[in-house]
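Peer 1: Submitted below is the structure of interest, expressed as structure tokens.
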Amino acid sequence: MWFEKFILEALDAVLSGAQVLAVPLRAGGRRKQLVGGGGGGGGGGAAAGDFCWLTQEDLVRYFLNSIGLFYHVAARSVSSLGLVRTDYLSVRPGESALSAVPLIRRAVATETAVAVVTEDGHLVGEISPALLAACDETAAAAIATLSAADLMAYVDYFGSPPEHILRAVKAGLKDKGLDAMLALIEDETLSSFSSASSSSDEEAAGRAQLRRPSSGSYGRRSAEEPVVCSPASSLVAVMVQALAHRVSYVWVLDEDNDCRLAGIVTFADVLRVFREQLL
């Protein structure tokens, strides 16, 4: 049947590294071909109605809706299925944010995030590329001057950090002689202050909400803890958890080892399990 063949083709493309599939449509809704891409999701195409976008999230949702057909693996733990990856991206809280840039690039490619982990293995938080992308250009100044832990806090506030972090950014720029970037930060701060002064509290709250990533963006939402599970969590539970929090990965904490970070489960690895079931 054409639909089963289409799902297999889509799985193979995603598992080969494609982040988004552009699916050209024709009359009757059947696809002509799949075109792999590395950009973000959405809808539309070269001509209205001619294309739709297919992402990892869409495929995971499809298999969750069909989970009854995979009951023999759905209830198994992510640990028993070998889904807990230990090669996650991580940085120490006190390391410079600049040193994390190569890891952030890799996180973009793998649709994950960079874990901020203490020396004894506890997860402090994460640096999400999706949230970094939602910040304005002043995020570059934060990366150039802050520690990984402070950058995490900066990103959580969507580029409107507490005053002590802002002071640290300005001091760092001054020490590094980055006068032009310092001037940009000063201008942004002044602009934000002026906007806040001329608006009501309700309007300010509305603007703050507009700074958040769109619902189509993936990555941890501000003011939330990283999404975590245990090695004993079932496959279906992790799928539901990730989709509910709109993330494409879940950190795994080992409850038997003082809740230290044990690894990560990604959508790509979840989809690999279902691909194996379709052989």
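Peer 1: Out of (1) open to solvent by 70 Å² or more (accessible area, probe 1.4 Å); (2) at pLDDT below 50; (3) more than 22 Å from the chain's Cα centre (by Cα), what's the single condition that is false for Ala196?
Peer 2: (1)
Peer 1: For segment 120-145, name all the residues that are within 16 Å of Leu184 (Cβ to Cβ) and more than 16 Å from the chain's Cα centre (by Cα). Full working, then the answer.
Peer 2: Within segment 120-145, the subset within 16 Å of Leu184 (Cβ to Cβ) is 135-145.
Correct list: Asp136, Glu137, Thr138, Ala139, Ala140, Ala141, Ala142, Ile143, Ala144, Thr145.
Peer 1: Quick one: Ala100 ticks every box in (1) in contact with a strand residue (DSSP E or B) (Cβ under 6 Å, 6 or more places away or on another chain); (2) modelled with pLDDT under 90; (3) hydrophobic (A, V, I, L, M, F, W, C) bar one, so which box is it?
Peer 2: Only one criterion in (1) in contact with a strand residue (DSSP E or B) (Cβ under 6 Å, 6 or more places away or on another chain); (2) modelled with pLDDT under 90; (3) hydrophobic (A, V, I, L, M, F, W, C) is unmet by Ala100, namely (2).
Peer 1: Output the number of the condition that Leu210 fails; it satisfies all remaining conditions of (1) hydrophobic (A, V, I, L, M, F, W, C); (2) buried (at least 21 other Cβ atoms within 10 Å of the Cβ); (3) at pLDDT below 90.
Peer 2: (2)
Peer 1: Can you name the residue in segment 260-279 that is farther than 16 Å from Asp58 by Cβ and over 22 Å from the mean Cα position of the chain (by Cα) and is also most open to solvent (accessible area, probe 1.4 Å) among such residues?
Peer 2: Only one residue fits best here, namely Leu279.
Peer 1: Let me ask something else. For Val247, all conditions in the list (1) under 21 Å from the mean Cα position of the chain (by Cα); (2) not in a loop (DSSP other than H, G, I, E, B) hold save one; what is the number of the exception?
Peer 2: (2)
Peer 1: Any chance segment 252-259 includes a residue that's over 21 Å from Phe63 (Cα atoms), open to solvent by less than 30 Å² (accessible area, probe 1.4 Å), touching a Pro at 6+ places or on another chain (Cβ under 8 Å) and modelled with pLDDT of 90 or more?
Peer 2: Among the residues of segment 252-259, at least one is over 21 Å from Phe63 (Cα atoms), open to solvent by less than 30 Å² (accessible area, probe 1.4 Å), touching a Pro at 6+ places or on another chain (Cβ under 8 Å) and modelled with pLDDT of 90 or more, which makes the answer yes.
The values are calculated or read from the model by the stated rules, or taken from the named source; none is laboratory data. Note that the structure is a prediction, hence the values are computed from the model and not measured. FYI the Cβ positions are ideal-geometry reconstructions off the backbone, even for glycines, and counts take in every protein chain you see. Only protein heavy atoms, including side chains, enter the accessible area calculation; ligands, DNA and RNA are left aside. Shrake-Rupley method; radii C 1.70, N 1.55, O 1.52, S 1.80 Å.
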